[in-house]
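To start, the structure itself, in structure tokens.
The values are calculated or read from the model by the stated rules, or taken from the named source; none is laboratory data. Computed from a predicted model, the values in this text were never measured in an experiment. Neighbour counts are summed over all protein chains in view; Cβ atoms, including those assigned to glycine, are modelled from backbone coordinates with ideal geometry. Accessible surface is based on the protein model in full, side chains and every heavy atom, while ligands, DNA and RNA are left aside. Shrake-Rupley method; radii C 1.70, N 1.55, O 1.52, S 1.80 Å.
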Amino acid sequence: MAIEGFKCNILDIFQNDIFQDNIKDKWISLCRELRLRVDARIEQKHLYEKDCNKKKSVYTDKMSELQQEISTAKSDIDSVILQQKITDKKISNMIKSQEDVKDELEKAKARREALLLEMVDLQHEVEERKKKKISQWDAIKRACLNYKVHLDIHISLQEDKDCQFIKMSFFQNNEEAKNKYFVQLSYSDNHWTVEQIEPRIKKEHFNELSVIKDSSERSRVSDITLLLYQVRSIFLKHYMKT
């Protein structure tokens, strides 16, 4: 029974002596029905609030899970980005290393070509030195023959790695003087140098050697032929036993 279907003045009903039992019962029934409806609405509201709270809790948990997944995904993305940067850096370093290796290869190639050219030049220089040396020794051999014939001198040759030695022995036809009077010279850096004069000559006699360039016995010589004549003359004049 709807409330709108029962319209009356409550005060009149209670003051009316004709208040009947059926109206009172209806009123009590209406009040009970209203009470039940209010209780039902209250219970419905409580159930709704409970359901809302449950859904809210579920949604909160879901949001927390989603937030955690978002954080994890963000961390994974950052890790991927960092790894990509590391990979890019490695690729960049590899490219630079390849370029450095290429540059080193080019430099090594240039050095190799330069060394080959230098080897060619050195080979040419060695050949020229050999030719010059052969020419010098040929001249020395010819001189030896002349010295032996005209000056009674024997010449012996010795060659080291960076130096050549010549020993010129006088008076080879004189058995008593043979191998006792000699001059030993060395040749290096395009210069002849007196190494030894035997027997040792006195200082005043040494000064007579005009081809000696300085005051020491081991001195450079400008003219070997003139030196030999001067030494031979000094030996004959001052040191030969007659």
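Is one or more of the residues making up the range 153-166 open to solvent by less than 30 Å² (accessible area, probe 1.4 Å), of a type in the set (S, T, N, Q), at pLDDT below 85 and in contact with a Lys or Arg (Cβ under 8 Å, 6 or more places away or on another chain)? Scanning the range 153-166 turns up no residue that is open to solvent by less than 30 Å² (accessible area, probe 1.4 Å), of a type in the set (S, T, N, Q), at pLDDT below 85 and in contact with a Lys or Arg (Cβ under 8 Å, 6 or more places away or on another chain). For SER97, indicate whether it is small (Gly, Ala, Ser) and either at pLDDT 85 or above or within 60 Å of the chain's Cα centre (by Cα) (or both). Considered against the rule, which asks whether it is small (Gly, Ala, Ser) and either at pLDDT 85 or above or within 60 Å of the chain's Cα centre (by Cα) (or both), SER97 comes out as yes. Contact map, the range 170-185: residues that are under 20 Å from LEU157 (Cα atoms) and among the hydroxyl-bearing types (Ser, Thr, Tyr) paired with residues that are in a loop (DSSP other than H, G, I, E, B) and open to solvent by 20 Å² or more (accessible area, probe 1.4 Å), Cβ distance under 8 Å, separation 6+ or inter-chain. Pairs shown: TYR181/PRO199; TYR181/MET240. Kindly evaluate LEU145 against the criterion of being surrounded by fewer than 16 Cβ atoms within 10 Å (Cβ to Cβ), aliphatic (A, V, I, L, M) and at pLDDT below 80. It is true that LEU145 is surrounded by fewer than 16 Cβ atoms within 10 Å (Cβ to Cβ), aliphatic (A, V, I, L, M) and at pLDDT below 80. Each residue in the range 173-201 was checked for being aliphatic (A, V, I, L, M) and within 12 Å of TYR239 (Cβ to Cβ), and 3 pass.
Checked against the criterion of being open to solvent by 80 Å² or more (accessible area, probe 1.4 Å) and at pLDDT 85 or above, the candidates LYS202, LYS241, LYS213 yield just one match: LYS202.
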